[in-house]
Amino acid sequence: MKNQSRVVDAWPLVLGLIIWFSAAAVAQQKPTVLKGGKLLTVSHGTIENGVLVMQNGKIIVVGAEGSVKIPKDARVIDATGMTIYPGLIDSEDNLGLTEISAEQSTNDLIESSEEIMPHMHVYDAFHAESELIPVARLNGVTNALIAPDSKDTLPGQDSFVQLAGKSSEEMLLIRDIAMPLNFTGDQRRNESWDKRKFPQTRMGMAAQLRQAFLDAQDYARHWADYEKKKNEVAQKPDAKDTKPGDKDKDKKTPTAPKRDLKLEALLPYLQGNKPIVLAAEEANDLQTAVSLAHEFKLRFVLNHLSHSQSVLDYVAGLKVPVIVGPIYEDPKSYERYDAVYGLPAQLYKRGVKIVFASFDAHNVRNLPYQAGYATAFGLPYDEALKAITLNAAETWGVADQLGSLDAGKTANVVVANGDPLDLRTDVKQVFIAGQEVPMTSRQTRLRDQYSGQ
Amino acid sequence: MNRIATGFVLLIMCSLTIQAQQPAAHNDVLIKNAVVMTVTHGIVQNGSVYIKDGKVAGVGKDVNAPSSATVIDAGGKYLTPGIVDSHSHIALDDDVNEATSPITPQMMMIDAFDYQDKAIYRGLAGGVTTSLLLHGSANMIGGQAVVIKHKYGLNRDALLFPGAPRSIKFASGENPKRVYGGKDQLPSTRMGNFAVQREALTQAQDYMREWEDYNAKVKKGDKDASPPKRDLKMEALADVLRGNLLVQIHCYRADELLTEMAIAKEFGYKVRAFHHALEAYKVADQLAANNVAIATFSDWWGYKQEAWDAIPWNAVMSMRKGVRVAIKSDSEDFARRLNQEAAKSIRYGGATDEEALKMITLNAAWIIGVDDKVGSIDVGKDADLVIWDGYPLSSYGVPNKVFIDGDVYFDRSLPGFGMTHYSEGQ
């Protein structure tokens, strides 16, 4: 008992010290300076012999050597010969939802029992300790939009994550940032004839979606009516005096409608507060999906469009960003071999804002190579880099914090020995929120173990 | 006499017609002003390659070619050998697995070969000129492969690689045990897998003995000797034991790589290559000692349990231990950009550019057994060549023109599908 009371007595002092230390730590964090590298700022061109200063998780200054004052207490890292660029953003992948694809116990990718599952939240499954995450960030991918698998028309809601942090809480930057609506044909329930199940066709999928949105509108109306009546009752001074059996039943305190999480989940999208990620590959599906989105006044970003080459002017007219590809998608038999490779360039030419995505989990690290390959088919280099940095940040509403090397933004910074889009380039160091990420993964550990190191 | 003379004339006319139908006999082309990546003898800046009758007739800085030869100015672009894909399942119309029995060595992939599959053209557009089309991995012993050249647009037999050795596909690990275990059949474990394999090989030994006995009797003049029943399955396995088939084994885990080599030793055949071999880096010394090659992915991993220990350094770590390494596609998609997959070995482990290129040319050709004909730019070899836009071993390399046996089968500059078949200068 004595001991215990002493500990208790000591608490105010301990707490005080903790507060003092952490405050001091935040205020006095040493600036880190990357000096002498080639800065690909994305927002304002390339700076040869650049200086980038980071402190307290943010980029403080970006500029040419000589023009930037290096703080005296700074830790200076010589980045001569290195190329420095903002952390890459993958605009759709499944990191944290799978470990070994063929092992179902490690998968939390999709709830396939029903097609309309908007109340599934990626954040409920996101596994911060996934072995796949270090593998991805070792190649400079620092942020990602995590989506469920696309086998449902409405599989759930996406989260935007940072690929380093102490816990999933810290890594999940924006929960329910967007909601995929998939209309590629893959969502049909193509079981054998004797096990057939609705929806078997595109008609079925579209009807089911329409009904879901109508139900949600109804649901919203019921709640609006309820709120309105509740307010009316609350505002009428005589309302409380209404006796049972009165003719004017409206004046009674109304009963709240039953809550429905599924329909509730659709409301922010019906109200246009958040974007739908509208996925279609072929031109006919695209137009069906867009009609549906227009019908319900949904705000949307387009996804895939791999075989929509015949309607790219129409796409441009929609004036929305496009998550393009993946460009490795096999062309249809009627398409030229480079039809999908060339899609980013074709969209860019028409003024469409494009972003790239890995649409993968294990191979997220290869995101920059897709952007690189698109340049071989006509996409300007700067646009390719933008499509995995600033364009992505703008598309997901985080451009004030991510996507370029600018003062004030989160210090997600990559140091590599060359061109970020070339697959020969070796990433040397990744900073996430100003912290040096350990450049190790399960794979590097295996490599070292069997290299006899 | 008259009849004979007429016949003779007809014969000459026939042979003339046949010759006219074979453009390979006519090409006479000089590609100049190229950076020639030979694979076997370095890189020739401002080099030339002379093609005659479908073969490489000269390569180097200065090449003797007749003035009549058609000249192609490569404009300083890179020129490499045609890419060789040592593990492909394209053009088989999904008839890849006869998954009704774990031992089906009598399956001939040529019987499923769909020579009109667009995937052949798309691989060609990625610079692939030769592919080994293999049985899938549902069965422990799947079937016999077919080797093709990507001469898309010609008839079936024109796509078959002339004189290529026969290969047979074995498989181990998760796939067979899943396929048969899922039906509650043998095999459903790795023990079952190898038991099934050993049993089949033992039966083949018996089959061979029966024939040897019969042949010995016949030789002795025994007229009453009756021949054993011919069994296609056993004949195929007997050819494995006789060393008449190149054995290509789908295998992931290190322990299984060792077991497969031990079984091969036990039954006296050689393993030509392990395919996938994602854990080769763990037993690279043993692979090198047995002269077994690997045909692996550059960085694909995690798609199943036995791919969990895959690391992108596998190719180079194995190579440094003396293993002959090829990067293969095993996918319609990777077959379109094997050059990029090979280039990853520069980043992961520091392969030289030539070593990286070798992984998709000469080493792959060795696995198929056609390294005397393709896989490098050397005099006497088939003129299977690729002129590249951009540097081939980077994110930016795209084939501009692809030659097979000296003829152009892909030309990026052409409108429409960009595919064609023509002889330069004709």
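For A:Ser105, the conditions (1) more than 13 Å from every other protein chain (Cβ to nearest Cβ); (2) of a type in the set (S, T, N, Q); (3) not in a loop (DSSP other than H, G, I, E, B) all hold with the exception of (1). The one condition from (1) farther than 29 Å from B:Lys282 by Cβ; (2) of a type in the set (Val, Ile, Thr); (3) crowded, with 22+ Cβ neighbours inside 10 Å; (4) away from chain B (no Cβ under 14 Å) that A:Ile388 does not meet is (4). Being surrounded by 20 or more Cβ atoms within 10 Å (Cβ to Cβ) and either within 9 Å of chain A (Cβ to nearest Cβ) or under 30 Å from B:Asn175 (Cβ atoms) (or both): is that true of B:Ile327 here? For B:Ile327, the condition - surrounded by 20 or more Cβ atoms within 10 Å (Cβ to Cβ) and either within 9 Å of chain A (Cβ to nearest Cβ) or under 30 Å from B:Asn175 (Cβ atoms) (or both) - is met.
Among the candidates B:Asp231, B:Asp239, the residue that is within 27 Å of the chain's Cα centre (by Cα), surrounded by 12 or more Cβ atoms within 10 Å (Cβ to Cβ) and in contact (Cβ under 8 Å) with a residue 12 or more places away in the chain is uniquely B:Asp239. Looking only at residues in the stretch B:258-275 that are within 21 Å of the chain's Cα centre (by Cα) and either among the basic types (Lys, Arg) or within 14 Å of chain A (Cβ to nearest Cβ) (or both), the one that is surrounded by the fewest Cβ atoms within 10 Å (Cβ to Cβ) is B:Lys270.
Name the residue that is nearest to B:Ile387 (Cα to Cα), counting only residues in the stretch B:111-123 that are in contact with a helix residue (DSSP H, G or I) (Cβ under 9 Å, 6 or more places away or on another chain) and among the aliphatic types (A, V, I, L, M).
First, pick out the residues of the stretch B:111-123 that are in contact with a helix residue (DSSP H, G or I) (Cβ under 9 Å, 6 or more places away or on another chain): B:113-116, B:119-120, B:122-123.
Subset that is among the aliphatic types (A, V, I, L, M): B:119-120.
Values: B:Ala119: 20, B:Ile120: 18 Å.
The selected residue is B:Ile120.
Of the listed requirements (1) crowded, with 22+ Cβ neighbours inside 10 Å; (2) within 22 Å of B:Val96 (Cβ to Cβ); (3) within 9 Å of another protein chain (Cβ to nearest Cβ), B:Arg347 misses just one: (2). The single condition among (1) free of Cβ contacts under 8 Å to residues at least 40 places away in the same chain; (2) buried (at least 24 other Cβ atoms within 10 Å of the Cβ) that B:Lys169 does not satisfy is (1).
Residues in the stretch B:188-203: is at least one free of Cβ contacts under 8 Å to residues at least 24 places away in the same chain, of a type in the set (Val, Ile, Thr), part of a loop (DSSP other than H, G, I, E, B) and surrounded by fewer than 14 Cβ atoms within 10 Å (Cβ to Cβ)? The answer is yes; a qualifying residue exists. Of A:Ile354, A:Ile327, all but one fail to be more than 8 Å from chain B (Cβ to nearest Cβ), out of contact with any Asp or Glu (no Cβ under 6 Å at 6 or more places or on another chain), surrounded by fewer than 23 Cβ atoms within 10 Å (Cβ to Cβ) and under 13 Å from A:His304 (Cα atoms); the exception is A:Ile327. Among the residues of the stretch A:426-453, those that are within 11 Å of chain B (Cβ to nearest Cβ) and under 16 Å from A:Val364 (Cα atoms) comprise A:Asp426, A:Val427, A:Ser441, A:Arg442, A:Gln443. When A:Glu232, A:Glu191 are screened for being more than 31 Å from the chain's Cα centre (by Cα) and at pLDDT 80 or above, only A:Glu232 passes. If only residues of the stretch B:108-144 that are of a type in the set (Phe, Trp, Tyr) and more than 12 Å from every other protein chain (Cβ to nearest Cβ) are counted, the one that is farthest from B:Ser188 (Cα to Cα) is B:Tyr115. A:Thr375 meets all of the listed conditions (1) crowded, with 24+ Cβ neighbours inside 10 Å; (2) within 12 Å of another protein chain (Cβ to nearest Cβ) but one, namely (1).
So that you can scan it fast, the table gives a plain yes or no per residue for (1) surrounded by fewer than 24 Cβ atoms within 10 Å (Cβ to Cβ); (2) in contact (Cβ under 8 Å) with a residue 24 or more places away in the chain; (3) closer than 20 Å to A:Met439 by Cα; (4) within 14 Å of chain B (Cβ to nearest Cβ):
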| residue | (1), (2), (3), (4) |
| --- | --- |
| A:Glu92 | no, yes, no, no |
| A:Glu111 | yes, yes, no, no |
| A:Phe126 | yes, yes, no, no |
| A:Glu131 | yes, yes, yes, yes |
| A:Leu138 | yes, yes, yes, yes |
| A:Asp158 | no, yes, no, no |
| A:Lys166 | yes, no, yes, no |
| A:Ile174 | yes, yes, no, no |
| A:Pro180 | no, yes, no, no |
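Would you mind listing the strands (runs of 3 or more DSSP E) fully within the stretch B:32-95 where at least 1 residues are in contact (Cβ under 8 Å) with a residue 60 or more places away in the chain and more than 27 Å from the chain's Cα centre (by Cα)? First the steps, then the outcome.
On the way: elements: B:43-52, B:55-60, B:70-73, B:78-81, B:83-88.
Of the strands (runs of 3 or more DSSP E) lying wholly inside the stretch B:32-95, those with at least 1 residues that are in contact (Cβ under 8 Å) with a residue 60 or more places away in the chain and more than 27 Å from the chain's Cα centre (by Cα) span B:70-73.
Could you check B:Asn291 against (1) away from chain A (no Cβ under 13 Å); (2) crowded, with 24+ Cβ neighbours inside 10 Å; (3) part of a loop (DSSP other than H, G, I, E, B) and say which number it fails? Going through (1) away from chain A (no Cβ under 13 Å); (2) crowded, with 24+ Cβ neighbours inside 10 Å; (3) part of a loop (DSSP other than H, G, I, E, B) one by one, B:Asn291 breaks only (2). Screening B:Gly302 against (1) part of a loop (DSSP other than H, G, I, E, B); (2) surrounded by fewer than 24 Cβ atoms within 10 Å (Cβ to Cβ); (3) of a type in the set (Gly, Ala, Ser) leaves a single unmet condition, (2).
Here's the yes/no breakdown for (1) more than 16 Å from A:Asn139 (Cα to Cα); (2) in a loop (DSSP other than H, G, I, E, B):
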site	(1), (2)
A:Val355	yes, no
A:His362	no, yes
A:Tyr369	no, no
A:Ile388	no, yes
A:Gly397	yes, yes
A:Leu402	yes, yes
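If you check A:Lys332, A:Lys319 for being within 14 Å of another protein chain (Cβ to nearest Cβ) and over 20 Å from A:Ile146 (Cα atoms), only one passes: A:Lys332.
Restricting attention to the stretch B:399-416, does a residue exist that is of a type in the set (S, T, N, Q) and without any contact (Cβ under 8 Å) to a residue 12 or more places away in the chain?
First pass over the stretch B:399-416, keeping only residues of a type in the set (S, T, N, Q): B:400, B:413.
Now narrow it down to the ones that are without any contact (Cβ under 8 Å) to a residue 12 or more places away in the chain: none.
No, the stretch B:399-416 contains no residue that is of a type in the set (S, T, N, Q) and without any contact (Cβ under 8 Å) to a residue 12 or more places away in the chain.
Output the residues belonging to the stretch B:144-187 that are within 19 Å of the chain's Cα centre (by Cα) and either part of a strand (DSSP E or B) or within 13 Å of B:Pro102 (Cα to Cα) (or both). Result: B:Gln144, B:Val146, B:Val147, B:Ile148, B:Lys149, B:Leu160, B:Ser167, B:Ile168, B:Lys169, B:Phe170, B:Ala171. Of all residues in the stretch B:379-390, at least one satisfies being within 12 Å of another protein chain (Cβ to nearest Cβ) and out of contact with any Gly (no Cβ under 6 Å at 6 or more places or on another chain).
Residues are listed down the side, and each one gets a yes or a no for (1) outside the structural domain of A:Ile100 (by TED's automatic domain parsing); (2) of a type in the set (A, V, I, L, M); (3) in a loop (DSSP other than H, G, I, E, B):
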position: A:Tyr328; (1), (2), (3): no, no, yes
position: A:Tyr334; (1), (2), (3): no, no, yes
position: A:Tyr337; (1), (2), (3): no, no, yes
position: A:Val340; (1), (2), (3): no, yes, yes
position: A:Leu347; (1), (2), (3): no, yes, no
position: A:Val352; (1), (2), (3): no, yes, yes
position: A:Asn366; (1), (2), (3): no, no, no
position: A:Tyr373; (1), (2), (3): no, no, no
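A:Ser112 falls short on exactly one of the conditions (1) over 17 Å from the mean Cα position of the chain (by Cα); (2) hydroxyl-bearing (Ser, Thr, Tyr); (3) closer than 24 Å to A:Pro326 by Cα; (4) not in a loop (DSSP other than H, G, I, E, B), and that condition is (4).
The values are calculated or read from the model by the stated rules, or taken from the named source; none is laboratory data. Given the structure is predicted, the values throughout are model-derived calculations rather than measurements. Counting neighbours? That spans all protein chains shown, and the Cβs are built from the backbone with ideal geometry, glycine included.
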